[in-house]
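Undergrad: Got a structure for you, questions after.
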Amino acid sequence: LFTAAGGSQAVNLGNSSVVTITGGGTFSGTPAMDQWKSERVVIADTSGMYSWDGTLFHSPGSLATISVTVGGSGYTTTPTVTFTGGGGVNATAVATLASGAVTQINITAVGSGFTAAPAIGFTGGGGTGTTAVAFIMPTGMNGEAISSYSGRVFVFNGRLFSYTAPNTWYDVNTANAAGSSTITEGSLRQKIFAAKALDNYLYVFGDSSILILGDLKVTGSITTFSQTFLSSTTGSTLPNSITALERAILFVNKYGVYALFGASVQKVSKGLDGIFPKIDFSQPISAGLAQIYNILCYVFSFTYQDVNSNRSLQALLFDGKWFLTSQGPALTRVAPASINGVLSIWGTSGTDVRQLYSNTTATIATTLVTGLYDL
């Protein structure tokens with residue numbers, strides 16, 4: 001959860017416990033987030049790039065990781081890890097031994113203020129010959145969209161996108177094949193709003209265009225890739241509506257719901273054409289997947305401008321058909337989650353978190369308008 005005050009929290013959906021990750025004032029915009037492997041989330045914000053592994057929160061200028069390059073030998077007790085240079089403070093780490101050698105270094109406090117990676121040293125323990133290298137979280141890698149793709153982290157800021165070195169979420173050294181590029185084509189009218197990885201490609205969404213990046217290759221220290229525009233007329237400014245469904249990507253813009261099937265962009269919301277003019281796009285639009293009565297549905301939530309008052313509604317798609325639900329009058333955002341392999345969708349009215357469509361036993365209140373529409 002990202003708060004209006006610029007803080008963040010994590011909710012355990014199994015037992016409802018809440019962990020405060022950061023206090024207010026950390027984030028300056030609306031953060032974007034993606035998952036890196038099964039070990040952490042990576043976060044992009046206009047103030048920089050961040051990471052959280054469930055325990056440690058890494059901000060720009062803090063320690064990211066420490067890798068042992070030579071384990072050394074002869075240790076009878078664990079040596080003390082020391083830091084020299086780099087301009088930062090308050091970083092701590094502990095070493096792990098096996099057979100008299102240092103095998104791993106775990107960061108216990110990430111510190112702050114590093115402008116360069118500090119030198120890693122070892123004192124005590126009776127051993128010698130150990131060397132290690134540290135990496136710090138990059139500074140200046142700020143943006144409004146982020147995606148883990150092809151063993152790297154991509155961060156998007158305006159027309160610029162930056163990417164880490166192969167198989168890292170933190171290394172931005174160009175000597176290690178990290179880099180950046182700027183999309184200059186006029187088909188990207190304003191800026192990049194979102195990015196989604198699927199089927200070996202990275203789909204990049206502009207306000208009225210869609211670009212795919214692919215075929216990443218490294219030659220020496222240079223990363224090359226292909227750039228192909230799929231559409232120069234259709235895109236999305238609503239990043240929280242973009243969801244992968246099987247081999248397609250669904251997304252919402254102000255004209256409807258669209259699906260990307262490979263290189264084809266198709267509108268899938270003809271049945272909602274009468275509703276879209278009444279959607280309040282100044283309010284949050286969000287979406288996700290949920291299994292409802294064991295049927296996988298695409299759910300997008302919006303504010304509908306009714307005759308007398310605004311209503312929070314959800315449009316659900318399955319098997320080419322649409323139906324509408326109401327999951328609370330003040331629902332503002334929804335987000336998907338997978339719990340033990342079961343997809344579900346959760347919502348908030350601003351101060352709560354609750355699972356939607358969770359009651360499968362109560363009678364559903366239904367208003368039958370006509371038999372001429374699906375369902």
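The values are calculated or read from the model by the stated rules, or taken from the named source; none is laboratory data. On a predicted model such as this, the values are computed, not experimentally measured, just so you know. FYI the Cβ positions are ideal-geometry reconstructions off the backbone, even for glycines, and counts take in every protein chain you see. When the accessible area is computed, the model is the full protein with side chains, heavy atoms only, and any ligands, DNA or RNA have been set aside. Shrake-Rupley method; radii C 1.70, N 1.55, O 1.52, S 1.80 Å.
Undergrad: In a Gaussian network model over the chain where Cα atoms closer than 10 Å are linked, find which of 239, 277, 60 has the largest mean-square fluctuation.
TA: Of the options given, 277 has the highest mean-square fluctuation.
Undergrad: If you don't mind, there's one more thing I want to ask. Counting only protein heavy atoms and using a 1.4 Å probe, what share of the accessible area of segment 132-286 belongs to carbon plus sulfur, as a whole percent?
TA: 47
Undergrad: What order, most packed first, do the peptides 152-158, 214-220 have when packing is the mean number of other Cβ atoms within 10 Å of each residue?
TA: 152-158, 214-220
Undergrad: Here's something else I'd like to know. Let me know the charge dipole size of the chain about its Cα centre in debye, to the nearest 20, where only the beta-carbon of Lys, Arg (+1) and Asp, Glu (-1) is charged.
TA: In debye, rounded to 20, the chain gives about 240.
Undergrad: Pick from 43, 222, 345 the residue whose mean-square fluctuation is largest in a GNM of the chain, springs joining Cα atoms under 10 Å.
TA: 222
Undergrad: Debye calculation, C-alpha points only, no solvent: report log10 I(q)/I(0) for segment 307-375 at q = 0.12, 0.18 Å⁻¹, in the same order as the q values.
TA: Cα-only, vacuum Debye calculation for segment 307-375: -0.41, -0.90.
Undergrad: Rg and Dmax of segment 247-316, using alpha carbons, in Å: what are they?
TA: 12.9, 42
Undergrad: What do you get for Rg/Rh over segment 249-375 if you use C-alpha atoms and the Kirkwood form of Rh?
TA: Using Cα coordinates only, the ratio equals 0.94.
Undergrad: Find how many whole Å separate the alpha carbon centroid of segment 1-39 from the alpha carbon centroid of segment 160-211.
TA: 24
Undergrad: Percentage of Cα-Cα pair distances in segment 9-48 greater than 16 Å, rounded to whole percent?
TA: Summing the P(r) of segment 9-48 above 16 Å gives 49 percent of all pairs.
Undergrad: Continuing with this model, one more query. If I build a Gaussian network model for the chain, linking alpha-carbon pairs within less than 10 angstrom, which residue out of 349, 38, 326 has the largest mean-square fluctuation?
TA: 38
Undergrad: Further, regarding this structure: In whole Å, how far is the Cα centre of segment 286-347 from that of segment 89-104?
TA: 47
Undergrad: Taking each pair of distinct Cα atoms in the chain once, what is the resulting Kirkwood hydrodynamic radius in Å?
TA: Mean inverse Cα-Cα distance, inverted, gives 23.0 Å.
Undergrad: Right, next: If you average 1/r across every pair of different Cα atoms in segment 132-276 and take the reciprocal, what Kirkwood value do you get, in Å?
TA: 16.0
Undergrad: For a quick protection proxy, order the peptides 110-116, 51-57 by their average other-Cβ count within 10 Å, most packed first.
TA: 110-116, 51-57
Undergrad: Right, here's the next one. Just the Cα atoms of segment 106-149: what Rg and Dmax do they give in Å?
TA: 15.4, 49
Undergrad: Relative contact order for segment 132-203: what percent, with Cα pairs under 8 Å and sequence separation of 6 or more?
TA: 28
Undergrad: Once the principal axes of the Cα atoms of segment 286-331 are found, what is the range along each, listed largest first in whole angstroms?
TA: 35, 18, 17
Undergrad: Working from the pairwise distances between different alpha carbons, so that the mean of 1/r is found and then inverted, what is segment 1-151's Kirkwood radius in Å?
TA: Radius from the Kirkwood sum: 16.8 Å.
Undergrad: When ranked by the protection proxy of mean other Cβ atoms within 10 Å per residue, highest first, what sequence do the peptides 356-367, 167-178 form?
TA: 167-178, 356-367
Undergrad: Can you give the log10 of the normalised intensity I(q)/I(0) at q = 0.19, 0.20 Å⁻¹, computed with Debye over equal Cα scatterers of segment 215-254?
TA: Cα-only, vacuum Debye calculation for segment 215-254: -0.76, -0.79.
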